[in-house]
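The values are calculated or read from the model by the stated rules, or taken from the named source; none is laboratory data. Quick caveat, the model's predicted, so the values are computed rather than measured. All Cβ positions, even for glycine, are placed from backbone atoms using ideal geometry, and neighbour counts span all protein chains on display. Remember, those area values only see protein heavy atoms, side chains included, never the ligands or the DNA or RNA. Shrake-Rupley method; radii C 1.70, N 1.55, O 1.52, S 1.80 Å.
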Amino acid sequence: PNLRRQGPAVFVFNHQSLLDSMVLAHLLRRDVVALCKQEMAHTPIVGLLLRQADTIFVDREDTDQREVLQRALDVLKSGRSLVIAPEGSRSTLGDIQPFKHGAFYLARKAGVPIIPIVLHNVKDALPNGGWLIRPATIRITVLPPVAPESIRSIRGACSELEHRYVE
């Protein structure tokens, strides 16, 4: 029910594979804009799909992210949702990497919930560096939403959700 909710949200997921975007596109289907690193715009196949889907690309070298944050807030204000990998980069072994704070800042600022999606075994279907999809059983767990009013400390909320993913 949290994936089909009314109104915008910030969907977050653990980043394991280039296949994550396909799994999430299947799960979320419509009215969702991805926020991802600039380098993904030039990735074969996936980059083309991301560019066509109104993706917001982040130049991680740029110290001034105001324009990116404003574009993301505008997406949420328009009634569409965002999907973000708070780890920023794929994990090579599938371990949870430290979460960055952007998704939490955007959810609190826009007054929308964070919907945590835990991807299991996507890396088995398409390992880091691989281009051939292998047979695998992919599981998805949707954790309870994080209400925007519960995000008093962005750093604290970020750390707490990261710990829930590890569990």
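Once you sort the root eigenvalues of the Cα gyration tensor of region 26-106 as a ≥ b ≥ c, which label holds: rounded (a/c under 1.5), prolate (a/b larger than b/c) or oblate (the other case)? Show your work: numbers first, answer last.
Numbers: a/c = 1.32, a/b = 1.12, b/c = 1.18.
Verdict is rounded for region 26-106.
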Tell me the carbon and sulfur percent of the accessible area for the chain, rounded to whole percent, probe radius 1.4 Å. 52 percent
Which of the trypsin sites (Lys or Arg not before Pro) across region 7-52 are loop residues per DSSP, with 10 or fewer other Cβ within 10 Å? 29, 30
Pick from 120, 26, 15: which is most flexible by mean-square fluctuation in a GNM of the chain where alpha carbon atoms under 10 Å apart are linked? 26
Give the accessible surface of the chain per residue, rounded to a whole number of Å², with probe radius 1.4 Å and ligands, DNA and RNA excluded. 56 Å²
Need one value: the accessible area of residue 150 in square angstrom, 1.4 angstrom probe, rounded to the nearest 10. 70 Å²
Which of rounded, prolate, oblate describes region 118-157, given a ≥ b ≥ c as roots of the alpha-carbon gyration tensor eigenvalues and a/c under 1.5 marking rounded, otherwise prolate only if a/b is larger than b/c? prolate
Which aspartates and glutamates have a Cα lying under 18 Å from the Cα of residue 37, excluding residues fewer than 8 positions away in the same chain? 20, 54, 59, 61, 62, 64, 67, 87
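With +1 on each Lys and Arg Cβ and -1 on each Asp and Glu Cβ, how big is the dipole of region 26-118 about its Cα centre, in debye rounded to the nearest 20?
Working: 13 positive and 11 negative charges, 74 e Å.
About 360 debye.
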Between the alpha-carbon centers of region 124-167 and region 36-62, tell me the distance in whole angstrom. 20 Å
Return the percentage of antiparallel bridges among DSSP beta bridges fully within the chain, rounded to the nearest 5 %. 25 percent
In region 16-99, which GluC sites (Glu not before Pro) are in a loop and have at most 16 other Cβ atoms within 10 Å, using DSSP for the loop call? 61
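Please state the charge dipole magnitude for the chain, taken about the Cα centre, from unit charges on C-beta atoms (+1 on K and R, -1 on D and E), reported in debye and rounded to the nearest 20. All intermediate terms of the calculation are to be shown ahead of the outcome.
Numbers: 21 positive and 17 negative charges, 96 e Å.
The calculated dipole for the chain is roughly 460 debye.
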